[in-house]
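Some notes on the structure that comes next.
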Amino acid sequence: MIHFNKSFRRWVLIVIAFISSFGLVIAAATPSPAIPWAELLLRSIQVIQLANLSDQQEVSIGQQINNQIIQQYKIVTDSALVNYVDEIGRRLVAQSDRPRLPFKFQVVADKNVNAFATMGGFVYVHTGLMKAADNEAQLASVIGHEIGHITGKHLANQLRQMSIIEGIATIAGVNRDRLVRVGVEYALRRPRSRQDELDADNRGLRMLTQSGYAPSAMPAFMQKLVTSASLPTFLSTHPAAPERVALLNQSIDPSRANVGAGLDGTAYKSRISSIP
Ligand SMILES: [Zn+2]
């Protein structure tokens, strides 16, 4: 293992960010006058700070994004239902690689089959998705996937990449309000990349299996969504589904596929019976 001293590593990062930011500016082909190199370098430093968010900073941005999201959606307060999702979420988080992050699982009263996550531990599951799942293991597979987006810092990295183009990182620092607005837009409407989807699937499948759920539930539920009559919202923000089903099936040992808990459909339906 090679050890660079801290300040050398910092400079390497600055140079890398500088080169990539220059690339992004070229790619954006902005017709406005060229941004001075010094300004560009300072923006890059802001971007590095975004890349090195502490857990506490990540939670704080996630909280601000959450404040916007709960104004746009009706959040379920039925404690039995919320506790049920929370219980599944906590069981999965314990097997994740960020078990100490303060996760918050919320149920959104919405018929659209969807679930999403932002950053700093905020996960949202629609009642429509809960009803579409056949059993607890299938619901857990989606919650695990969403936890995977957070432990993989996917939205945080997407925001970092966007922050130069969008003018979020400037000479004056990072514009929090714009960062939060773009965060909401990305979490709710922009599709994740294929690479992020595959990473969240890998992380989710690992958590699902280690929590004692039957791993077959993950590809089974995704396959059900792919073949459903109307395209679920979940698949428009979580692309590459057919390929993901195939890859998940490849990663599951066939002799262990149905070994585990959470496949009892009757028990599951009674736990979510309060959903209209
Ligand atoms: Zn996803």
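Here, each number is a calculation from the coordinates, and none is a lab measurement. Note that the structure is a prediction, hence the values are computed from the model and not measured. In this analysis, Cβ positions are derived from the backbone assuming ideal geometry, glycine residues included, and neighbour counts consider all displayed protein chains.
Put in line by how crowded their Cβ is, counting other Cβ atoms within 10 Å and starting with the fewest, S230, S211 read S230, S211. The local environment of Y84, defined by Cβ-Cβ distances under 10 Å, has a net charge of -3 under the rule Lys, Arg +1 and Asp, Glu -1.
The HN-Hα couplings worked out from phi for the stretch 121-138 by the Karplus form 6.51 cos²θ - 1.76 cosθ + 1.60 (θ = phi - 60°) are x, 8, 10, 10, 10, 6, 4, x, 6, 4, 6, 6, 6, 7, 7, 5, 5, 5 Hz, whole numbers, x standing for Gly and Pro. Checking the Cα-Cα distances for K131/K224; K74/K224; K74/K104 against a 20 Å cut-off, the pairs over it are K74/K224. Oblate is the label for the stretch 213-268. Its Cα gyration tensor axes, ordered a ≥ b ≥ c, give a/c of at least 1.5 and b/c at or above a/b. Measuring nothing but how far apart in sequence close Cα pairs (under 8 Å, 6+ apart) lie, relative to its length, the stretch 97-238 scores a relative contact order of 27 percent.
Footprinting exposure proxy ranking of H154, H145, fewest other C-beta atoms within 10 angstrom first, gives H154, H145.
Centre-to-centre, using Cα atoms only, the stretch 135-198 and the stretch 57-73 are separated by 12 Å.
Annotation: amide H of V113 within the under-5 Å range of T233, F234, sequence separation 5 or more or interchain, hydrogens built in the peptide plane. Spin-label model, W37 to R194: label points 7 Å out along the Cα-to-beta-carbon direction sit 3.8 nm apart. Extension gain for S270 to N202 (0.36 nm times residue separation, less C-alpha to C-alpha distance): 21.5 nm. The residues neighbouring Q68, those whose beta-carbon lies less than 14 Å from its own, together hold a net charge of +2 under the Lys/Arg +1, Asp/Glu -1 convention.
Listed by Cβ neighbour count within 10 Å, with the fewest neighbours leading, I147, I70 appear as I70, I147.
Full extension of the chain between N157 and K131 yields a length gain of 6.2 nm, computed as 0.36 nm times the residue separation minus the alpha carbon distance. The amide H of V76, built 1.01 Å from its N in the peptide plane, has V107, V108, A109 as neighbours under 5 Å, considering only residues 5 or more places off or on other chains. Relative contact order for the stretch 167-276: 30 percent, from Cα pairs under 8 Å spaced at least 6 residues apart, divided by residue count. Other residues with beta-carbon under 13 Å from the beta-carbon of S273 carry, at +1 per Lys or Arg and -1 per Asp or Glu, a net charge of +2.
Computed from backbone phi with θ = phi - 60° and the Karplus coefficients 6.51, -1.76 and 1.60, the 3J(HN,Hα) list for the stretch 152-157 is x, 6, 5, 5, 4, 5 Hz; x is used for glycine and proline.
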